[in-house]
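Below you'll find the structure, written out as structure tokens, and then a few comments.
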Amino acid sequence: MAKGQSSDNGRNDNDDSKTTTTTTTGEMMPLPVHAEIRVVRNLALFRIIFFLIMVHEWVYALPHYPLDTVMDVSQQASGRDRWFAYDQFEFLQDLLPKVSDGPGSEVTCLMIRTVGVAAALLAAFGGDFFAIAASIFTVLYGIRFFSMVQCFTNHFYLFFLIQILLTLSGGGDLDLKRVAAMPTEKRQKLVQRCEWAAITIRSQYATIYLFASLWKCTSDWMNGSI
């Protein structure tokens with residue numbers, strides 16, 4: 001009988017070891033909870049790397065200069081670069097500085113550039129300020145992206161989509177203990193948002209690069225003529 005009890009106790013100990021795990025600080029955390037919130041931390045790491053890349057893109061890739069005064073199709077001075085505007089988004093050019101604004105237009109461009117950098121850095125490291133900072137940067141990026149046709153590339157389009165997805169997801173959280181300590185319902189909602197965002201971001205990357213690769217499968221591309 002003692003032998004049977006010993007066997008049962010050993011089996012119970014093994015069962016307990018499967019349902020809990022020890023953290024680096026020696027605290028016991030339920031393994032299922034720890035496993036399910038891993039996506040929250042991974043999304044936070046991706047968020048930091050992504051918005052640091054966005055700082056570079058915002059400063060060096062997107063144009064930050066006043067819109068030139070040109071002649072539009074009807075040969076009237078518009079003060080806006082109508083030749084390079086989307087028909088549906090011409091109103092966005094009204095929000096950007098123009099040469100006709102005078103010397104102050106350069107200062108305005110510098111201010112927009114600075115606010116964009118600050119918002120991207122806060123979105124990467126701001127913690128509780130992530131939602132506000134990410135929203136501001138996404139709006140600024142969208143205005144510049146859709147205001148001029150020459151800004152359109154697959155990469156800029158992808159970046160804009162990812163900004164929206166990260167903003168809606170909440171950007172994840174690096175502190176797994178804080179996430180694990182959340183009420184169950186709140187934690188599950190956060191995990192679901194992060195999982196949804198991670199899957200959608202992966203699918204966007206796969207879709208864009210798949211079709212970009214297929215487009216390059218032409219004789220001109222293969223023989224190096226383009």
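The numbers here are math on the coordinates, done by the rules we state, and not lab data. Being a predicted model, the structure only gives us computed values, none of them experimental. Every residue, glycine as well, gets a Cβ built from its backbone with ideal geometry; the counts of neighbours run over all protein chains shown.
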I need to check one value: relative contact order of segment 122-186, counting alpha carbon pairs closer than 8 Å and at least 6 residues apart, in percent. 29 percent
Ranked from highest to lowest mean number of other Cβ atoms within 10 Å per residue, what is the order of the peptides 43-54, 161-172? 161-172, 43-54
Would you list W58, W196 from fewest to most Cβ contacts within 10 Å? W196, W58
Computed from the beta carbon distance with a Förster radius of 41 Å, FRET efficiency for C217 and K177 to the nearest 0.05 stands at 0.25
Exposure proxy check: L140, L95 ranked by fewest other beta carbons within 10 Å? L95, L140
Given charges at beta-carbon only (K, R positive; D, E negative), |dipole| of segment 103-220 in Debye: 240 debye
